[in-house]
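So the structure is just underneath, and the comments pick up after that.
The values are calculated or read from the model by the stated rules, or taken from the named source; none is laboratory data. Quantities reported herein were computed from a predicted structural model and do not represent experimental measurements. Glycine also receives a Cβ, built like all others from the backbone with ideal geometry; neighbour counts cover every protein chain displayed. Each accessible area value is taken on the protein alone, full model and side chains, heavy atoms only, with ligands, DNA and RNA left out. Shrake-Rupley method; radii C 1.70, N 1.55, O 1.52, S 1.80 Å.
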Amino acid sequence: MAGGAYVTGETKTSFKGYYRGLTGQDAALIRSFVQFDGEGETANARRRDIGGHPALVLKNICLRKDPRSPYANENGYVPFGNLEDYSDGRSDGCTSWSPSDARQIIPLLKDNPTTLYIYPESRDIEAVAQAVSVRQSLSRAGLYWNAFCLKQIGAPKFWPKEVLEPILGRYRKGPEPPVQPPVCRP
């Protein structure tokens with residue numbers, strides 16, 4: 001499969017919040033994000049904030065008063081939550097790496113744009129869907145799709161931009177602003 005190419009090299013690092021570390025002390029989750037620039041069918045990657053990052057996220061977030069934190073908002077609050085490593089799970093559109101892999105991959109990309117083939121092109125997705133529909137062996141057809149993923153979804157479906165762009169446009173306008181996390185209870 002040819003796959004949609006992303007040229008990477010720009011890394012943004014940002015504070016995501018605090019969590020209770022293994023030692024019982026609070027720790028800051030500072031996560032790097034490698035911005036992807038798509039080509040061809042994936043040319044909207046930057047606009048969609050598609051990239052790669054460590055598979056770490058804070059869950060059950062609340063706002064804690066900490067005016068001395070360099071990350072405090074104008075009211076002196078910082079996000080605080082539970083650290084979750086979802087290396088064995090699924091991301092919501094980005095490429096995510098285990099924290100140990102991310103520590104190796106991200107420095108390799110710094111100031112060294114790299115072409116990374118991740119997403120298959122429409123013709124590849126359609127070829128896999130067609131092979132699945134006639135129960136043809138993917139390997140015999142010269143195709144590949146992750147077997148676990150294929151078992152979960154049945155068959156891939158390509159969403160052409162004429163269908164997807166209006167949906168993304170409505171999403172960009174946003175139905176409602178995100179809900180502010182609650183203030184942490186002592």
Restricting to segment 30-43, count the residues that are over 16 Å from ALA102 (Cα atoms) and out of contact with any helix residue (DSSP H, G or I) (no Cβ under 8 Å at 6 or more places or on another chain).
6
If you take the residues of segment 124-163 that are in contact (Cβ under 8 Å) with a residue 60 or more places away in the chain and either more than 30 Å from GLY9 (Cβ to Cβ) or of a type in the set (D, E, K, R) (or both), which of them is least open to solvent (accessible area, probe 1.4 Å)?
ASP124
More than 23 Å from GLY17 (Cα to Cα), among the small types (Gly, Ala, Ser) and modelled with pLDDT of 90 or more - does that describe any residue in segment 55-67?
no
Please count how many residues of segment 7-45 are out of contact with any Phe, Trp or Tyr (no Cβ under 7 Å at 6 or more places or on another chain) and charged (D, E, K, R).
6
Which one of these is over 21 Å from GLY21 (Cβ atoms), free of Cβ contacts under 8 Å to residues at least 40 places away in the same chain and within 17 Å of the chain's Cα centre (by Cα): SER100, SER87, SER91?
SER91
Spot the failing condition for GLN35; the list is (1) in a strand (DSSP E or B); (2) polar (S, T, N, Q); (3) over 25 Å from LYS161 (Cα atoms), and only one is missed.
(3)
Consider segment 28-40. How many of its residues are of a type in the set (A, V, I, L, M, F, W, C), surrounded by fewer than 17 Cβ atoms within 10 Å (Cβ to Cβ) and within 16 Å of GLU10 (Cβ to Cβ)?
0
Filtering strands (runs of 3 or more DSSP E) wholly in segment 41-114 for at least 1 residues that are among the aliphatic types (A, V, I, L, M) and open to solvent by 40 Å² or more (accessible area, probe 1.4 Å) gives 56-65, 77-85
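Residues checked against (1) farther than 29 Å from SER139 by Cβ; (2) out of contact with any Lys or Arg (no Cβ under 6 Å at 6 or more places or on another chain):
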{"position": "LYS16", "(1), (2)": "yes, no"}
{"position": "LEU29", "(1), (2)": "yes, no"}
{"position": "GLU41", "(1), (2)": "no, yes"}
{"position": "CYS62", "(1), (2)": "yes, yes"}
{"position": "ARG68", "(1), (2)": "yes, yes"}
{"position": "ALA72", "(1), (2)": "yes, yes"}
{"position": "ASN75", "(1), (2)": "yes, yes"}
{"position": "GLU126", "(1), (2)": "no, yes"}
Does LEU108 fit the bill of being touching a residue at least 12 places away in the same chain (Cβ under 8 Å), among the hydrophobic types (A, V, I, L, M, F, W, C) and either touching a Lys or Arg at 6+ places or on another chain (Cβ under 8 Å) or farther than 19 Å from ASP49 by Cα (or both)?
no
